[in-house]
1. Please enumerate the residues belonging to segment 114-136 that are in contact with a His (Cβ under 8 Å, 6 or more places away or on another chain), assigned to a loop (DSSP other than H, G, I, E, B) and under 13 Å from residue 78 (Cα atoms).
2. Considering (1) open to solvent by 10 Å² or more (accessible area, probe 1.4 Å); (2) touching a strand residue (DSSP E or B) at 6+ places or on another chain (Cβ under 6 Å), say which one residue 127 fails and leave the rest.
3. Of the residues 69, 47, 15, 64, which is within 22 Å of residue 119 (Cα to Cα) and either modelled with pLDDT of 95 or more or in a loop (DSSP other than H, G, I, E, B) (or both)?
4. Is it true that residue 38 is open to solvent by 60 Å² or more (accessible area, probe 1.4 Å) and touching a residue at least 12 places away in the same chain (Cβ under 8 Å)?
5. Out of curiosity, is residue 147 crowded, with 20+ Cβ neighbours inside 10 Å, touching a residue at least 24 places away in the same chain (Cβ under 8 Å) and within 19 Å of residue 245 (Cβ to Cβ)?
6. Restricted to segment 193-206, and to residues that are under 26 Å from residue 54 (Cβ atoms) and among the aliphatic types (A, V, I, L, M), which residue is least open to solvent (accessible area, probe 1.4 Å)?
7. What single numbered condition from (1) within 16 Å of the ligand (Cβ to nearest atom); (2) acidic (Asp, Glu); (3) without any contact (Cβ under 8 Å) to a residue 12 or more places away in the chain fails to hold for residue 134?
8. Among helices (runs of 4 or more DSSP H) lying entirely in segment 208-304, which contain 3 or more residues that are within 12 Å of the ligand (Cβ to nearest atom) and closer than 30 Å to residue 132 by Cβ?
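The values are calculated or read from the model by the stated rules, or taken from the named source; none is laboratory data. These numbers were taken from a predicted model, which means no experiment stands behind them. As a convention, Cβ positions derive from the backbone with ideal geometry for all residues, glycine included, and neighbour counts pool all protein chains shown. Accessible surface areas use protein heavy atoms only, side chains included; no ligands, DNA or RNA. Shrake-Rupley method; radii C 1.70, N 1.55, O 1.52, S 1.80 Å.
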Amino acid sequence: MFPTQRPRRLRGTPALRRLVAETELRPRNLVLPMFVRENATEPVPIASMPGVVQHTRDSLRKSAVEAVAAGVGGLMLFGVPEHKDATGSGGIDPKGVLNVGLADLYAEVGDATVIMSDCCLDEFTDHGHCGVLDADGAVDNDATLSLYAQMAVAQAAAGAHLIGPSGMMDGQVGVIREALDDAGHLDAGILAYTAKYASAFFGPFREAVQSSLQGDRKTYQQDPANAREALRELSLDLAEGADLVMVKPAMAYLDILRTVADNSDVPVAAYQVSGEYSMIEAAAAHGWVDRERIVLETLTGIRRAGADLVLTYWAAEVSTWLT
Ligand code: PBG
């Protein structure tokens, strides 16, 4: 007896596989996270993220032009300030490194791409937490919100098209929306970090931004054991005015991504974070995996799970492979 059902028929040639491929990966789906370091005179390599640097203002502009030429969908900027303080004031100061970097990006590539800003205090606080601390040393949700609001307005004024609140404070999207509107930035959108987990995959990022964090973020980021609360976070962010929603990290949270994508009426992003990048780079450097194939496979998987756009440190390089 021969089987009559033969799914392999559609796999026989590259042309057949191409004809029936469900998921596409295009440069426009990819967003490049970038770091700009205050007063740097040379780009500074990030040891745990081979190929990624802390940019100078000049190298930031140059790399942004290259990434845009390669076709990436957008750029997400993080700042690495020289001085930090208890309230992260460098994040609000228009002369702070992140706001200056955003203005540089806007001057260089403007509306040719989508400029996104990390709206969070952790790069700017001397204790490394995403918010300010109360008298007991706990992260004070409501006191943090007004700082996020000021930070978002400064970022929109500097040229960010999309503000990316990543601190997981309750109410952050609503407060930022109101502040942007009050300041006249009606067209600045919010890319909400909706489901962000307290993850060991953020490890290399701590080096990337020279974080001073002791301890962890478990009182504000989500528990990896939980799926249901992602839906609660999603409905709150949508009600508060999120223009896009994001799941982070990506690869260990594809179930969350699928659930969010199935329940969201706004575009969905996923962030393939530093540890996901570093693990693959390390294995590839040993020759243990095929770097190009595995990078494309992970990004295709993240797209297949429901991400319209993917933040990935490979965005510019992969875009050159795809065009
Ligand atoms: C917080 C923030 C973090 C990342 C992006 N925004 C770090 C954290 O939450 O600890 C991590 C990104 C990555 O690991 O690539 N501002």
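1. Taking segment 114-136 first, the residues in contact with a His (Cβ under 8 Å, 6 or more places away or on another chain) are 114-116, 121-122, 133.
Then drop every residue that is not assigned to a loop (DSSP other than H, G, I, E, B), which leaves 114, 121-122.
Those that are in contact with a His (Cβ under 8 Å, 6 or more places away or on another chain), assigned to a loop (DSSP other than H, G, I, E, B) and under 13 Å from residue 78 (Cα atoms): 121, 122.
2. (2)
3. 64
4. Working: open to solvent by 60 Å² or more (accessible area, probe 1.4 Å): no; touching a residue at least 12 places away in the same chain (Cβ under 8 Å): yes.
In short, no.
5. Details: crowded, with 20+ Cβ neighbours inside 10 Å: yes; touching a residue at least 24 places away in the same chain (Cβ under 8 Å): yes; within 19 Å of residue 245 (Cβ to Cβ): no.
Spelling it out, it is not the case that residue 147 is crowded, with 20+ Cβ neighbours inside 10 Å, touching a residue at least 24 places away in the same chain (Cβ under 8 Å) and within 19 Å of residue 245 (Cβ to Cβ).
6. Here is the first cut: in segment 193-206, the residues under 26 Å from residue 54 (Cβ atoms) are 193, 196-206.
So of that shortlist, the ones also among the aliphatic types (A, V, I, L, M) come out as 198, 200.
Values: 198: 24, 200: 96 Å².
Among those that are under 26 Å from residue 54 (Cβ atoms) and among the aliphatic types (A, V, I, L, M), it is 198.
7. The one condition residue 134 does not meet is (1).
8. Details: elements: 228-240, 254-263, 274-285, 291-304.
In segment 208-304, the matching helices (runs of 4 or more DSSP H) lie at 274-285.
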